[in-house]
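First comes the structure, then the notes that go with it.
The values are calculated or read from the model by the stated rules, or taken from the named source; none is laboratory data. For clarity, every value in this text was computed on a predicted model and none was experimentally measured. Every residue, glycine among them, receives a Cβ derived from its backbone with ideal geometry; neighbour counts consider all protein chains shown.
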Amino acid sequence: MVNKNATRIRIFDDLNTAKYNSSILLLIPPSMATFPPLQNDLILRAARGEQVERPPMWVMRQAGRYLPEYHKVRAGHDFFEMCRTPEIASTITLQPIERYEDLDAAIIFSDILVIPQAMGMVVEMVEKKGPHFPEPLDTPEDVAKLKRLGEGCDVKKELGYVFEALTLTRQKLAGRVPLLGFIGAPWTLMAYMIEGGGSKTFTKAKSWLFKYPEDSQKLLQDITDVAVEFLAQQVVAGAQMVQVFDSWAGELSPVEFAEFSLSYLRQISKRVPERLAELGQERVPMTVFAKGAWYALEALCDSGYNVVGLDWTHDPAEARKIANGRVTLQGNMDPNVLYGGKAAIDKAVKRIVEGFGGGKQGYIVNLGHGVTPGVNPEDLGFFLRKNHEYGSA
Ligand code: CP3
């Protein structure tokens, strides 16, 4: 039997230590900024496993193309140019917070593919197609050409724009809700770097695991080293909680997932707090979202993260049984329910909140994957309101 609280990770927060002086904040570097006190820390308390008044909520891809206000800013800008412009990135991050009063967290507007860029790869965002790498990794010899941490890849320099965006966004949020940072998981990034974009079968990336297992491990390790530093520096810059997106975990069998993904996810959850301690920074709650890896839930509950994100293939009550109080669970409505109208949304939300035991402990409301571009913003608002209602009951 697992003791409910024994395996929980202790988290400190900056609620009491925050200091704020708006007149100097814009002039000082991210690492020296101080911030206003937090007025809504629901998600941080839920991540620690505390009993809360109602489950906190946020939505993956909440800052994005389903919002007309996003398209207004997007017009005339390249996607990665927007990521690299802190004023624009912070404006987009705040859009869903300003629209929906029910949201309990903001997630920084950026992308998982900024890590491959920092390692020297060119990544473009092609309209209506998604990410494209003109020169993907073809053979293990190409790995040697990548910039590694401390060997050509200076995270603070290459990704300084993300840190500036985080710091600026924390200021603009003025303590309304916590700000989340994120990274792509090593396996998901490796898959993009080899495929050169999205893929239906991931044949190239997966065949690397079988043809070149050692080179694959080396690549995954190089990505992990950058990822750890990047995530720790996001916290220094103002991220109050962080999520690791392993969007393509479900492409792997349990054996390959354990060897080529989970081991690096574990490294990240272990090394980020260590790095934060070195930097004199308190740890923050960490979430892992390994989409499609339903078979790995047991292992993920023991992988050093405070929160485990679930896609819609999990039954909430079953997942809760497996987690057994070890972690907080996040998710998991199929985003496509949002196309089904109010009655369908109402029914699904009620069922899911009940499945998560009413939601007042060990639960964070989210979708099972990102909100898609065709969703009516009013329907997402209805989803949030219903969660508020059922979660407060
Ligand atoms: O969640 C948020 O609102 C924060 C911002 C965010 C974006 N991407 C903005 C974005 C986050 C957290 C991501 C993560 C991300 N990016 C993931 C992991 C999450 C997931 O969905 O599995 C992945 C796999 C990527 C890579 C990526 N970026 C893809 C595949 C695409 C194309 C998406 C598509 O549906 O066509 C992007 C582009 C992207 N990232 C957009 C946004 C708002 C749309 C870009 C545009 O305006 O053209």
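Things to note:
- Of all the criteria given as (1) touching a Ser or Thr at 6+ places or on another chain (Cβ under 9 Å); (2) assigned to a helix (DSSP H, G or I), the one not satisfied by Ala343 is (1).
- Near pairs, Cβ below 6 angstrom, 6+ apart or cross-chain, from the stretch 220-242 (closer than 18 Å to Ala106 by Cβ and modelled with pLDDT of 95 or more) to any residue that is among the aromatic types (Phe, Trp, Tyr) and part of a helix (DSSP H, G or I): Ala237/Phe163
- Condition met for Ala106 (surrounded by 24 or more Cβ atoms within 10 Å (Cβ to Cβ), modelled with pLDDT of 95 or more and away from the ligand (no atom under 11 Å from the Cβ)): no
- The residue list Lys172, Lys157, Lys145 contains one member that is closer than 28 Å to Ala258 by Cα and among the basic types (Lys, Arg), which is Lys145.
- Any chance Ala63 is in contact with a Phe, Trp or Tyr (Cβ under 7 Å, 6 or more places away or on another chain) and either modelled with pLDDT of 95 or more or within 16 Å of the ligand (Cβ to nearest atom) (or both): yes
- Qualifying residue in the stretch 67-74 (condition: at pLDDT 95 or above, of a type in the set (Val, Ile, Thr) and more than 14 Å from the ligand (Cβ to nearest atom)): no
- Qualifying residue in the stretch 194-207 (condition: without any contact (Cβ under 8 Å) to a residue 60 or more places away in the chain and either within 19 Å of the chain's Cα centre (by Cα) or within 19 Å of Cys153 (Cβ to Cβ) (or both)): yes
- Of residues in the stretch 338-375 being surrounded by fewer than 21 Cβ atoms within 10 Å (Cβ to Cβ) and under 23 Å from the mean Cα position of the chain (by Cα), the one nearest to the ligand (Cβ to nearest atom): Gly370
- Wholly within the stretch 150-267, helices (runs of 4 or more DSSP H) carrying at least 1 residues that are of a type in the set (A, V, I, L, M) and within 16 Å of the ligand (Cβ to nearest atom): 160-173, 186-195, 203-211, 213-237
For (1) of a type in the set (D, E, K, R); (2) within 13 Å of the ligand (Cβ to nearest atom), each residue gets a yes or a no:
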| residue | (1), (2) |
| --- | --- |
| Glu98 | yes, no |
| Asp102 | yes, no |
| Pro116 | no, yes |
| Val122 | no, no |
| Lys145 | yes, no |
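- Options Gly175, Gly152, Gly160; residue that is modelled with pLDDT of 95 or more, more than 24 Å from Ser199 (Cα to Cα) and in contact with a Leu (Cβ under 6 Å, 6 or more places away or on another chain): Gly175
- Any hit, the stretch 122-136, residues being touching a strand residue (DSSP E or B) at 6+ places or on another chain (Cβ under 6 Å), aromatic (Phe, Trp, Tyr) and either within 25 Å of Val272 (Cβ to Cβ) or touching a residue at least 24 places away in the same chain (Cβ under 8 Å) (or both): no
- For first residues located in the stretch 366-385 and under 18 Å from Pro68 (Cβ atoms), partners that are more than 12 Å from the ligand (Cβ to nearest atom) and in a strand (DSSP E or B) and lie 6+ apart or on another chain with Cβ distances below 7 Å form the pairs Leu384/Met57.
- Note on the stretch 302-330: residues that are assigned to a loop (DSSP other than H, G, I, E, B) and within 15 Å of Arg266 (Cβ to Cβ) amount to 7.
- Criterion violated by Leu137 - all others in (1) within 15 Å of the ligand (Cβ to nearest atom); (2) surrounded by 15 or more Cβ atoms within 10 Å (Cβ to Cβ); (3) in a loop (DSSP other than H, G, I, E, B) satisfied: (1)
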